[in-house]
1. Under 8 Å between Cβ atoms, which residue pairs at least 6 apart in sequence (or on different chains) link something in segment 254-268 that is touching a residue at least 12 places away in the same chain (Cβ under 8 Å) with a partner that is of a type in the set (S, T, N, Q)?
2. Just to verify a result, which residue in segment 235-278, among those that are within 16 Å of the chain's Cα centre (by Cα) and within 25 Å of GLY214 (Cβ to Cβ), is surrounded by the most Cβ atoms within 10 Å (Cβ to Cβ)?
3. Can you report the number of residues in segment 69-92 which are in a helix (DSSP H, G or I) and either out of contact with any helix residue (DSSP H, G or I) (no Cβ under 9 Å at 6 or more places or on another chain) or not β-branched (Val, Ile, Thr) (or both)?
4. Can you name every residue in segment 14-28 that is over 19 Å from ASP276 (Cβ atoms) and surrounded by 17 or more Cβ atoms within 10 Å (Cβ to Cβ)?
5. Report, by residue number, each residue of segment 165-189 that is farther than 20 Å from LEU228 by Cα and either free of Cβ contacts under 8 Å to residues at least 12 places away in the same chain or not in a loop (DSSP other than H, G, I, E, B) (or both).
6. Hand me the list of helices (runs of 4 or more DSSP H) wholly inside segment 218-308 holding 2 or more residues that are modelled with pLDDT of 95 or more and within 21 Å of MET324 (Cα to Cα).
7. Let me confirm something: among LEU114, LEU124, which residue is surrounded by 19 or more Cβ atoms within 10 Å (Cβ to Cβ) and more than 28 Å from PRO288 (Cα to Cα)?
8. For the condition closer than 30 Å to ALA9 by Cβ, part of a helix (DSSP H, G or I) and either modelled with pLDDT of 95 or more or touching a helix residue (DSSP H, G or I) at 6+ places or on another chain (Cβ under 8 Å) (or both), what is the one hit in LEU127, LEU58?
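The values are calculated or read from the model by the stated rules, or taken from the named source; none is laboratory data. Remember, predicted model here, so these are calculated numbers, not experimental data. Neighbour counts run over all protein chains shown; Cβ positions are idealised from the backbone, glycine included.
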Amino acid sequence: MDERLRQAARAAVERGLDFLESVVAPNGSWPCWRYDNTGLVGARHREYPPFAAALGSLALDACHHPEARALVARTREFIRSRMQYPGVWSYPSLPPSVDDTAICALAVGPHPWLRMGSLWGRNLDVLLAHRDGDGRFVLWMLGDDWPRGLDNEVDAVVNANVLAYMGDHAETEAARRWIETVVAERREADASPYYIEAVDLHFALARASRFRDGILGELRPTLASRILERLGADGGFGDPMRTAQALSALDMLAFDLDEGVLGAVVGRLIEAQRRDGSWRPCVAWKEPPGWADWVAANEGPLHVRPPRGFASEAMTTAFCIEAMQRSLR
């Protein structure tokens, strides 16, 4: 990138960090919005899930600005304060989940209940107990308390996040092989009932490689190729969050974008930044259709509704800061 664009990117990072400083609470919690649909229209409800804080913190790991380091430090304290024995996490008012646990464990830093290097953390046995008959990880940690008639579904992004935390072992081999098949057969969207787009899985796998070197095996060039297929003529990979995640994923995959393409993508992100330093909220995950159907079937026709969507301008901003920072290296 030319120096003018690099300066603009640095300024965008500064504005983004100022925005995060204004919305991340003193206790380190990050605001997240729950919408009654995945289109993010109509009423919304503010929540402070440790999952959103952990995703934001992991993104800010790429930024060494003092303000970013301070944000990460207090965010980790919040995530640590929400940990339940023996090292699991949950979304507010919901039971513990495999996804919350894997992402929060990655973000929180060293703790005696969690895996550290070769040490087998206390929560790993709990995670391993929540696999289906094919060895893939399900989402919810409910056991016999799971509601009758509601599937505890398997999601490829969730399994990628578990691989990032647990690494490649005999116990995770089935999950890894399933993900490889999903990518090879281009079934990313169908294999992720809780996530939105194929790039969500590509980014999760690239992030896993950041924590577990060699875990992608021969998938690395395939993932880079799939991400590049989404590049639009406007220099974007979709909404601002997916554009940022795609750019960061390519960097984590050690793929060097053409300078002109890199400049176009970074320029698009800079243009999308709002006056307050944020980027707009983009739907990050959702309820699977089965949840809404189950609610309607069990609570009556008045409860028929589309799946809920979850988004956060703070989280989108952290992903955009990460992408911008990686582009400046």
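1. Here the result reads LEU262/SER327; VAL265/THR243; VAL265/SER327; VAL266/SER327; ARG268/THR243, each pair linking segment 254-268 to a residue that is of a type in the set (S, T, N, Q).
2. GLN245
3. Total satisfying the criteria: 10.
4. Within segment 14-28, GLY28 is the sole residue that qualifies.
5. Passing the criteria: TYR165, MET166, HIS169, ALA170, GLU171, THR172, GLU173, ALA174, ALA175, ARG176, ARG177, TRP178.
6. Of the helices (runs of 4 or more DSSP H) lying wholly inside segment 218-308, those with at least 2 residues that are modelled with pLDDT of 95 or more and within 21 Å of MET324 (Cα to Cα) span 219-229, 240-252, 259-272.
7. Step by step, each of LEU114, LEU124 is checked, and only LEU114 is surrounded by 19 or more Cβ atoms within 10 Å (Cβ to Cβ) and more than 28 Å from PRO288 (Cα to Cα).
8. LEU58
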